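Asks: This is the structure I want to talk about, given as structure tokens.
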Amino acid sequence: MATGTQTSTTKKSKSSATKAKTASKSASSSKSTAKKTSTTPKSDPATRLLMQDHRAVEKLFKQYEKAKEKPAEKQAIFQQIYMELAVHTQIEEEIFYPASRPHLDEEDIVNEAEVEHASAKDLMAQLQKMKPEDPYYDAKVTVLKEMIEHHVEEEEKEYFPECRKSDMDLKAVGEQLKARKEELMAKMGGSALQ
Ligand SMILES: [Fe+2]
Ligand SMILES: [Fe+2]
């Protein structure tokens, strides 16, 4: 006979479990859409332009994924990725990074960004010399994509917000970025697509 009368202690602790559940529900929604909605403040034309570039490159990497079985298409898309990234890294290195450096608490963030650019450019140069049929072509594009994703996340979540908090003249820098980008795009347009 079961003598063990289980005295179920009536714990009347109504936890806020339901609250936590709803919070985690929204957090688990897709990461890519969260990225896209990141703020591009109108008062800050500098990071706004740079973030538009980031979105354009993300789109190109997605197109590359879809073209996996078509070597000619892959190469054409990579050429576009190359041009976008070459211009973007150049305007950041020539204008944005030096202009922001004196306004940041720690310069590590700029130094790391520069090192990441160098690694990405090295991979881009290797790809530029390869044929899309090369068995390592896709692997290199994938690694480049992952490097860029990591870099973009750091810029948008750490670097750019620091700049916005500072007294950096983002309007003037934005104008410089825009002018230089147009100049470089015009220059590269012909040669990059040959
Ligand atoms: Fe960037
Ligand atoms: Fe960058």
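We did not get these values from a lab; they are worked out from the coordinates using the rules stated. Nothing here was measured: the structure is a model prediction, and the numbers come from that model. Here Cβ is always computed from backbone atoms with ideal geometry, including for glycine, and neighbour counts include all displayed protein chains.
Asks: So how far, in whole Å, is the C-alpha centre of segment 115-194 from the one of segment 44-112?
Replies: Cα centroid to Cα centroid, the span is 3 Å.
Asks: Sticking with this structure for a sec: As a quick test, which of the pairs Lys74/Lys121; Lys42/Lys157; Lys145/Lys178 have an alpha carbon distance above 21 angstrom in this structure?
Replies: The answer is Lys145/Lys178.
Asks: Could you work out the per residue convex hull volume over the alpha carbons of segment 40-189, in cubic angstrom?
Replies: 99
Asks: When the dipole is taken about the Cα centre of segment 40-189, and only Lys, Arg (+1) and Asp, Glu (-1) are charged at their Cβ, what size is it in debye, to the nearest 20?
Replies: In total the dipole reaches around 920 debye.
Asks: Once phi is turned into ³J(HN,Hα) by the Karplus curve 6.51 cos²θ - 1.76 cosθ + 1.60 with θ = phi - 60°, what whole-Hz value does each residue of segment 182-189 show in order, with x for glycine and proline?
Replies: 4, 4, 5, 4, 5, 5, 7, x
Asks: Separate question: For Lys129, which aspartates and glutamates qualify as cross-link partners when the Cα separation must be under 14 Å and same-chain residues fewer than eight apart are set aside?
Replies: Partners found: Asp138.
Asks: Compute the FRET efficiency between Arg55 and Glu106 as 1/(1 + (r/R0)^6), taking r as their Cβ-Cβ distance and R0 = 35 Å, and round to the nearest 0.05.
Replies: About 0.80, to the nearest 0.05.
Asks: With a Förster radius of 35 Å, plug the Cβ-Cβ distance of Lys42 and Lys131 into 1/(1 + (r/R0)^6) and report the FRET value to the nearest 0.05.
Replies: The computed FRET efficiency comes out at 0.20.
Asks: Shifting gears a bit: Can you compute the modelled spin-label distance between Glu146 and Glu73, with each label point 7 Å from Cα toward Cβ, in nm?
Replies: Output for this residue pair reads 2.5 nm.
Asks: In whole Hz, with x marking every Gly and Pro, tabulate ³J(HN,Hα) for segment 72-87 from phi via Karplus 6.51 cos²θ - 1.76 cosθ + 1.60, θ = phi - 60°.
Replies: Using θ = phi - 60°, the values come out as 5, 5, 4, 5, 5, 5, 4, 4, 5, 4, 4, 5, 4, 5, 5, 5 Hz.
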